[in-house]
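Notes follow the structure.
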Amino acid sequence: MSEKLIAAINEQINKEFYSSYLYLAMAAHFDANALPGFARWMKVQSQEEWGHGMRFYEYLADIGEPVVLKPIALPPLKFGSPREVFNQVLEHEIAVTASINALFELARKEGDPKTEVMLHWFIDEQVEEEKNARDILDQLSMAGDQSFGIAFLDRSVLGARKADD
């Protein structure tokens, strides 16, 4: 594997762990604002993102390449309304998709088919990640600024998310 590709995968590990921290910070925001269902959704998402980072980690370890862990950036400390937060989620997932796509293109350019194949899982996963954020934004739009609608989403939709979802 090329040094350039190894460095890019290590950078993606950092991005995935940052995503985990970002969603955990969003969970803390929702916990502090009496929205335990939204917090639950974010905690599950945080665990999922950590798992994505570990998937890249294990890939490098499995093929005998070095894993280089870098400091994880501090996520924002303040967030806005549920709609504003999920707009941030969608923007973040779009950026992650772009990063995965660039990694795939680099693997192709470097002539590394095994890495291309490994990245197919992440490409499929990003379709799901963006869809989930858009679906929640659509539901938040339907709820409007009505506290009943937000409470319903909190309890019945986001709060029902399980770690496997």
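Only the coordinates and a few stated rules stand behind these numbers; no lab work does. As the structure is a computational prediction, the values presented were derived from the model and not from experiment. Glycine gets a Cβ as well: all are built from the backbone with ideal geometry, and neighbour counts include every protein chain shown.
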Round to the nearest 10 and give me the degree value, 0 to 90, for the angle of helix 3-32's Cα axis relative to the longest principal axis of the chain. 10 degrees
Just rank L5, L74, fewest to most, by other beta-carbon atoms within 10 angstrom. L74, L5
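Calculate the dipole size of the range 37-165 relative to its Cα centre from +1 charges on Lys and Arg beta carbons and -1 charges on Asp and Glu beta carbons; express the result in debye to the nearest 20. Spell out each step's value before the answer.
Details: 14 positive and 23 negative charges, 94 e Å.
Charge dipole, the range 37-165, about its Cα centre: 440 debye, nearest 20.
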Any idea which of A102, Q126, G144 is furthest toward the positive side of the dipole for the chain, if Lys and Arg beta-carbons carry +1 and Asp and Glu beta-carbons -1? G144
Quick one: 3J(HN,Hα) in Hz for the range 80-93, Karplus 6.51/-1.76/1.60 with θ = phi - 60°, rounded, Gly and Pro as x. x, 5, x, 5, 5, 5, 6, 5, 5, 4, 4, 4, 5, 5
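Normalised by the number of residues in the chain, what is the relative contact order in percent for Cα pairs under 8 Å and 6+ residues apart? Provide the component values of the computation, followed by the final result.
On the way: 162 pairs, mean separation 52.0, N = 165.
Worked out over the chain, it gives 32 percent.
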D_trans [Stokes-Einstein, Kirkwood Rh over alpha-carbon pairs] for the range 11-165, 10 °C, 1.306 mPa s, µm² s⁻¹: 96 µm²/s
If you rank H120, H29 by fewest surrounding Cβ atoms within 10 Å, what's the result? H120, H29
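For N33 and V67, FRET efficiency with R0 = 30 Å and r from the beta-carbon atoms, rounded to 0.05?
On the way: r = 37 Å, r/R0 = 1.22.
That gives a FRET efficiency of 0.25.
Counting other beta carbons within 10 Å of each Cβ, put M42, M118 in order, fewest first. List each step's numbers first, then the result.
Values: M42 25, M118 19.
The fewest-first ordering by Cβ neighbours comes to M118, M42.
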